[in-house]
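J.: One structure, as structure tokens, below. Some questions next.
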Amino acid sequence: MDDDGSAPTIALVPEGALSMRISAWSSTDPHTSVTATMPGTDGEYEMTVHTIVRDGERFSPTGYAHGVATDHPTLAWSAVWAFLASRSQPTESEDQRATARAATDAIEARAEDAAAALPDRERWTLRPVTVAGAVYVHHVHAFEDGFAGFADLGPEVVTLTGDALPDPLVLTRRTVAGRRFL
């Protein structure tokens, strides 16, 4: 366990990253987000990979069934929501709460619309992502200023968001605990 009580888990990280940092994790479930700085033709850009390790449905400490939704519509919604939320303005005062709520509602509506459009290959293109030599399907939703996407890798699923998408996209499994790479 890490200092914060986080058990070791797996994070997918992009090959070729100039730098990486663990930007979010769960101390109880196998979820980790890694934000990577990538080299680009027009300078550096950021990309975030959120990894969810599939560890099955379990009982919570209070006896409830606990699992993680990893179906394609949920992953599509999650990726689009994360992309749009990352571009929203932070709430700086109580006076901005109503405006922030309206912005959140708009983000949720756009994420729901994008998830419902998953079969539309004009809105969700299929691209390859390579992990440990195996090629998987990466569902990509393009925006004017970036992308949101997801991939089912079997033992893990990932959502990816960022300013640009590396070509080719190659991910590597890394062991992490809390905010540390092991």
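J.: With a cut-off of at most 11 other beta carbons within 10 Å, and DSSP calling the residue loop, which GluC sites (Glu not before Pro) in the stretch 28-86 qualify? Please list them.
T.: Glu57
J.: If you average 1/r over all unlike Cα pairs in the stretch 54-108 and invert the result, what Kirkwood radius do you get in angstrom?
T.: About 13.8 Å, per the Kirkwood formula over Cα pairs.
J.: Further question: Taking only the alpha carbons of the chain, what extent do you get along each of the three principal axes, in Å, biggest first?
T.: 41, 39, 32 Å, listed from the longest principal axis down.
J.: Also: Share of antiparallel DSSP beta bridges in the chain, in percent to the nearest 5?
T.: Around 95 percent antiparallel, to the nearest 5.
J.: Then there is this: Please work out the Cα convex hull volume for the stretch 81-173 and give it in Å³ per residue.
T.: Per-residue hull volume (Cα only) is 121 Å³.
J.: From Cα pairs below 8 angstrom and at least 6 apart in sequence, can you work out the relative contact order of the stretch 101-182, rounded to a whole percent?
T.: 19 percent
J.: Follow-up. Compute the relative contact order of the chain as a whole-number percentage, counting only Cα pairs closer than 8 Å that sit 6 or more residues apart in sequence.
T.: 29 percent
J.: Taking only the Cα atoms of the stretch 4-91, how large is their convex hull per residue, in Å³?
T.: In the stretch 4-91, the Cα convex hull volume per residue is 160 Å³.
J.: So, one more: What full-extension length gain, to one decimal in nm, is calculated for Asp42 and Ala69 as 0.36 nm per residue of separation minus the Cα-Cα distance?
T.: 6.1 nm
Bear in mind that the values in this text are calculations on the coordinates, not laboratory data. Note that this is a predicted model, so its numbers are computed, not measured. As a convention, Cβ positions derive from the backbone with ideal geometry for all residues, glycine included, and neighbour counts pool all protein chains shown.
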